[in-house]
1. If we scan segment 42-50, do we find a residue that is open to solvent by 10 Å² or more (accessible area, probe 1.4 Å), of a type in the set (Gly, Ala, Ser) and modelled with pLDDT of 90 or more?
2. Search segment 147-158 for residues being exposed (fewer than 14 other Cβ atoms within 10 Å of the Cβ) and under 19 Å from Gln95 (Cβ atoms), and hand back the single one that is nearest to the chain's Cα centre (by Cα).
3. So which pairs qualify, if the first residue must be in segment 54-81 and in contact (Cβ under 8 Å) with a residue 24 or more places away in the chain and within 17 Å of Lys96 (Cβ to Cβ), the second must be open to solvent by less than 10 Å² (accessible area, probe 1.4 Å) and part of a loop (DSSP other than H, G, I, E, B), the Cβ gap must be under 8 Å, and the two must be at least 6 apart or on different chains?
4. For segment 117-144, which positions are within 15 Å of the chain's Cα centre (by Cα) and either among the polar types (S, T, N, Q) or over 27 Å from Gly78 (Cβ atoms) (or both)?
5. Of the conditions (1) at pLDDT below 90; (2) at negative phi; (3) surrounded by 17 or more Cβ atoms within 10 Å (Cβ to Cβ), Arg107 fails just one. Which one is it?
6. As an exercise: evaluate Leu114 against (1) buried (at least 16 other Cβ atoms within 10 Å of the Cβ); (2) in contact with a Leu (Cβ under 8 Å, 6 or more places away or on another chain) and give the number of the one condition it does not meet.
7. Hey, does segment 85-95 have a residue that's over 15 Å from the mean Cα position of the chain (by Cα) and crowded, with 17+ Cβ neighbours inside 10 Å?
8. Of all the residues that make up segment 140-158, how many are out of contact with any Asp or Glu (no Cβ under 7 Å at 6 or more places or on another chain) and part of a helix (DSSP H, G or I)?
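The values are calculated or read from the model by the stated rules, or taken from the named source; none is laboratory data. What you are looking at is a predicted structure, and each value in this text was computed from that prediction instead of being measured. Don't worry about glycine lacking a Cβ; one is built from the backbone with ideal geometry, like all the others, and counts go over all protein chains shown. Just the protein is used for accessible areas: all its heavy atoms, side chains included, with ligands, DNA and RNA removed. Shrake-Rupley method; radii C 1.70, N 1.55, O 1.52, S 1.80 Å.
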Amino acid sequence: MGSAIGSIARPLSFLAILVCIATPSVARASSDEAILDDNALIQLETRALSAPPREQCFLYAELVHNLTEIAGKQLAAGDSAQASATIRRIDAFAQKIHMSLARDTKRLKNAEMLMHHTTRRLADMLHVAPTEDRPVLQSTLTRLDTVQTELLTQVFVH
């Protein structure tokens, strides 16, 4: 009987470990990242708005990246309404990245890497987001996927 329980416990333990490894924590930013506070976000947004066209793409990508981390924390804390508002801001900045892409040739690779990370984080959030927030999150993710593809194309062109 002991071996029967052991043979059942091993697959269950393995499954539990697999689930823990495969399911990223939405609330956790990587240890080398610091999430900007509201004041720093406002300063970054102001810098992006007034930056030369060549730098705007990267600065907007930084904004989107930081807002994504904030939205993840908001979702993990159960603040669905605030997370939804943050995701709408992400979508607006993604549109600005798209519009500034043609004028920007500086730090394209860095912007593409940020967008890659950001789209992965949003995809993770999509799995744990409340049902009512998923359509907005999905449309934002679709826009960011498009922007990331355009960024990658520009990286290879330049």
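1. Yes; the residues of segment 42-50 include at least one that is open to solvent by 10 Å² or more (accessible area, probe 1.4 Å), of a type in the set (Gly, Ala, Ser) and modelled with pLDDT of 90 or more.
2. Thr149
3. The qualifying pairs are Arg54/Asp104; Glu55/Asp104; Gln56/Asp104; Cys57/Asp104; Phe58/Asp104.
4. Scanning segment 117-144 gives Thr118, Thr119, Gln138, Ser139, Thr140, Thr142.
5. In the conditions (1) at pLDDT below 90; (2) at negative phi; (3) surrounded by 17 or more Cβ atoms within 10 Å (Cβ to Cβ), Arg107 misses (2) alone.
6. Against the list (1) buried (at least 16 other Cβ atoms within 10 Å of the Cβ); (2) in contact with a Leu (Cβ under 8 Å, 6 or more places away or on another chain), Leu114 comes up short only on (2).
7. No, segment 85-95 has no match at all.
8. 12
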